[in-house]
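Structure first, commentary second.
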Amino acid sequence: MARRQQTPADRAAASRESILDGAFEAFTRTGYRDTAIDDIAAAADVSKGGIYFHFPNKESIFRELMRTTADKLVDKVERVVGAEPDPIAKAEAALRTVLEVFAGHRTMARLFFEAGGAGRGFQTELNDLHDRFARLIQGYLDEAVAAGTIAPLDTRITSVAWFGALDEVVASWLQARHPGRLEDAYPTLRAVLLRSAGVPEQRIAAEWRDWPSFPEVAP
């Protein structure tokens, strides 16, 4: 069967993806502030003109990289959660998956956390990401309240607190001189957050096991 020829739109999409891949490599190697367009062009093996055809500046590349990476992370969470029938199990799976992804992609996690200090525009992007994940958790907690699994509570505030706690755990891991395994924080974090939502103690005491380890690779 003959292969379909690439259209101009196909080539443009492939070029854009190559630029984002190169930008990820450059940003994780030297950081946002110290990365120049020339560095991105070299990493992506494209001309500077090719970059400016798709993106007006370095900031727009970084913003797009944050959005696409966040989309991939959300997609992964939703795929994992989709296999869980119980709303509290969904919330646990979402929390576990985010920790799991950051544990296996330390450079990606550092890139996200660096963005908060790169300017107000990036902080807005991060706030949107935090809100996106908090609303996922809120939805699972709302389901748990509706099912009678937990008592009624302010699920919005609780979900924001959940993501804030996760955020702090990851930030501490990134800043540690000799970081351990991020996934080892999960059992304690899980217990603290489930208690904050009023989950029965016998459920919190359920054993956690079979945490895999993940190599650090680009998402």
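The values are calculated or read from the model by the stated rules, or taken from the named source; none is laboratory data. Bear in mind the structure is a predicted one, so any value in this text is a computation, not a measurement. Glycine gets a Cβ as well: all are built from the backbone with ideal geometry, and neighbour counts include every protein chain shown.
For this structure, a couple of remarks:
- Checked against the criterion of being within 20 Å of the chain's Cα centre (by Cα), in contact (Cβ under 8 Å) with a residue 12 or more places away in the chain, surrounded by 16 or more Cβ atoms within 10 Å (Cβ to Cβ) and more than 27 Å from Leu194 (Cα to Cα), the candidates Leu99, Leu95, Leu65 yield just one match: Leu65.
- Test: residue in the range 55-65 that is in contact with a Pro (Cβ under 7 Å, 6 or more places away or on another chain), assigned by TED's automatic domain parsing to the domain that holds Phe112 and under 17 Å from Phe102 (Cβ atoms): no
- Under the condition of being touching a Gly at 6+ places or on another chain (Cβ under 9 Å), surrounded by 13 or more Cβ atoms within 10 Å (Cβ to Cβ) and more than 18 Å from Glu84 (Cβ to Cβ), the residues counted in the range 147-157 number 1.
- Which listed residue, of Ala144, Ala191, Ala161, Ala176, is at pLDDT 80 or above, loosely packed, with under 12 Cβ neighbours inside 10 Å and more than 27 Å from Ser60 (Cβ to Cβ): Ala176
- Each residue in the range 74-108 was checked for being assigned to a helix (DSSP H, G or I), at pLDDT 85 or above and over 11 Å from Tyr140 (Cα atoms), and 16 pass.
- For the range 1-51, filtering for residues that are surrounded by 13 or more Cβ atoms within 10 Å (Cβ to Cβ), assigned to a loop (DSSP other than H, G, I, E, B), modelled with pLDDT of 85 or more and not hydrophobic (A, V, I, L, M, F, W, C) leaves 1.
- Residues that are surrounded by fewer than 20 Cβ atoms within 10 Å (Cβ to Cβ) and assigned to a helix (DSSP H, G or I), drawn from the range 52-62: Tyr52, Phe53, His54, Lys58, Glu59, Ser60
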